[in-house]
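Here the structure is laid out as structure tokens; the discussion comes afterwards.
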Amino acid sequence: MSWNTFGRVLRFTTWGESHGPALGAVLDGCPPGIAVSEDDIQPFMDARKPGQNKFTTQRNEADLVRILSGTFEGKSTGTPISMMIENTDQRSKDYSEIAQAYRPGHADYSYDAKYGIRDYRGGGRSSARETAARVAAGAVARLIIPEVTITAFVCELGGDKIDRAAMDLSEIDNNPFWCPDPAAAKRWEALVDDARKAGSSLGAVVECVATGVPAGWGAPVYAKLDSDLAAAMMTINATKGVEIGDGFEAARLTGEQNADPMRPSAEGSNDGAPQFLANHAGGTAGGISTGQPVVCRTAFKPTSSILTPVQSITSDGEATEVRTKGRHDPCVGIRGTPVVAAMMALVLADHKLLHRAQMG
């Protein structure tokens with residue numbers, strides 16, 4: 001069985017391929033009565049779409065989303081919401097030279113080993129083009145959790161980290177890197193441009209923060225909020241690691257350094273929630289949200305499509321070298337940022353509905 005569906009109560013299924021006529025998503029489990037339209041979804045599609053600047057792939061897709069079902073008079077009906085995005089700028093001839101050769105770092109060999117057939121034109125279902133459908137589904141998921149604010153940004157690119165002391169979230173939309181540090185964004189221009197001109201690529205780390213998540217979402221064992229977040233992020237193309245809160249850094253701390261101390265609720269507070277003095281755990285404890293900001297970081301490897309020849313084999317097992325032509329992102333983490341935010345929204349919306357189903 002090939003798994004194309006994610007979620008428990010709020011389930012989304014994506015369909016389509018990079019070089020097919022269209023791709024899309026079917027979102028099932030959305031409560032009825034939620035105001036939703038294509039205008040609510042399109043801004044998130046525009047944030048992810050290719051060809052917006054010289055630092056991303058020059059494939060030119062409008063990524064216009066169409067809602068085909070699941071709404072009536074501008075509101076969700078409780079039935080599956082089906083969305084479609086047409087592919088309009090495929091260049092399948094760019095892939096003709098690798099029709100019989102496996103691209104190292106891509107899913108070419110493993111895909112062929114599993115199915116015995118592969119669409120060499122961009123990788124078929126393994127293409128990052130599939131993430132457009134996730135962003136559409138994530139836009140609807142955000143409407144289910146209006147109490148939550150989700151912010152995603154690149155915190156490291158090509159090994160160069162932002163200065164946390166200089167972070168200004170209002171700067172994220174002012175540069176092509178979703179970077180909250182203007183000085184780092186300026187440095188990254190040269191880094192990505194040099195990699196692009198050299199036919200190479202760079203990796204990146206995307207941080208995603210969700211504020212307004214109430215305490216209590218998640219479960220202590222097999223539906224942990226943080227484990228579902230990790231699983232969601234690992235399904236994104238080119239992802240090689242996920243951290244929740246301090247992540248691996250927590251292993252380098254002592255118990256007292258890693259604790260998130262609590263004090264009584266603030267004077268005048270009506271909810272009785274404690275005041276936390278730190279958030280090393282990233283907004284979860286025992287798999288359940290604490291009311292603190294939910295924080296995760298996703299590490300993207302360098303794009304495997306590069307012009308530098310790399311040793312490989314053909315589908316007949318003969319030695320060859322592969323140089324991937326075409327239009328590719330020199331740093332896939334840049335356009336991966338809206339995808340990370342979409343997956344955060346989908347997981348949180350699912351857990352809100354799970355919590356409501358159990359707790360009323």
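Here are a few things to note about the model shown:
- Positions within the range 16-34 being closer than 17 Å to L346 by Cα and in contact with a helix residue (DSSP H, G or I) (Cβ under 9 Å, 6 or more places away or on another chain), in sequence order: G24, A25, V26, L27, G29, C30, P31, I34
- Number of the exception - T284 against (1) surrounded by fewer than 20 Cβ atoms within 10 Å (Cβ to Cβ); (2) within 22 Å of V9 (Cβ to Cβ): (1)
- Pair list, Cβ < 7 Å and 6+ apart or interchain, from the range 109-133 residues that are in a loop (DSSP other than H, G, I, E, B) to residues that are among the hydrophobic types (A, V, I, L, M, F, W, C): Y120/I98; Y120/A99; G123/A107
- The range 121-154 - residue that is closer than 16 Å to V295 by Cα and open to solvent by 10 Å² or more (accessible area, probe 1.4 Å) and, of those, nearest to the chain's Cα centre (by Cα): A152
- Set V294, V310: member being aliphatic (A, V, I, L, M), touching an Asp or Glu at 6+ places or on another chain (Cβ under 7 Å) and touching a residue at least 12 places away in the same chain (Cβ under 8 Å): V310
- Residue in the range 177-197 that is farther than 27 Å from L348 by Cα, assigned to a loop (DSSP other than H, G, I, E, B), out of contact with any helix residue (DSSP H, G or I) (no Cβ under 7 Å at 6 or more places or on another chain) and of a type outside the set (A, V, I, L, M, F, W, C) present: no
- Considering the conditions (1) part of a helix (DSSP H, G or I); (2) open to solvent by less than 50 Å² (accessible area, probe 1.4 Å); (3) modelled with pLDDT under 95, Q42 is excluded by exactly one of them, (3).
- Test: residue in the range 20-27 that is out of contact with any Phe, Trp or Tyr (no Cβ under 6 Å at 6 or more places or on another chain), closer than 21 Å to S127 by Cβ and assigned to a loop (DSSP other than H, G, I, E, B): yes
- Among the residues of the range 180-214, the ones that are of a type in the set (G, A, S), under 20 Å from T298 (Cα atoms) and modelled with pLDDT of 95 or more come to 5 in all.
- Single unsatisfied condition, A99 versus (1) farther than 23 Å from V140 by Cα; (2) at pLDDT 75 or above; (3) open to solvent by 40 Å² or more (accessible area, probe 1.4 Å): (3)
- Residue count for the range 218-271 under the criterion of being assigned to a loop (DSSP other than H, G, I, E, B), open to solvent by 40 Å² or more (accessible area, probe 1.4 Å) and not charged (D, E, K, R): the result is 14.
- Only one of the numbered conditions (1) touching a helix residue (DSSP H, G or I) at 6+ places or on another chain (Cβ under 6 Å); (2) at negative phi is not met by G158, and that is (2).
- Total residues in the range 188-214, condition closer than 22 Å to V242 by Cα and open to solvent by 50 Å² or more (accessible area, probe 1.4 Å): 1
- G212 passes every criterion in (1) touching an Asp or Glu at 6+ places or on another chain (Cβ under 7 Å); (2) farther than 22 Å from V339 by Cα apart from (2).
- Counting residues in the range 305-322 that are open to solvent by less than 30 Å² (accessible area, probe 1.4 Å), touching a Phe, Trp or Tyr at 6+ places or on another chain (Cβ under 9 Å) and among the hydrophobic types (A, V, I, L, M, F, W, C) gives one or more.
The values are calculated or read from the model by the stated rules, or taken from the named source; none is laboratory data. All values reported here derive from a predicted model rather than from experimental measurement. Don't worry about glycine lacking a Cβ; one is built from the backbone with ideal geometry, like all the others, and counts go over all protein chains shown. For accessibility, only protein heavy atoms count, side chains too; no ligands or nucleic acids. Shrake-Rupley method; radii C 1.70, N 1.55, O 1.52, S 1.80 Å.
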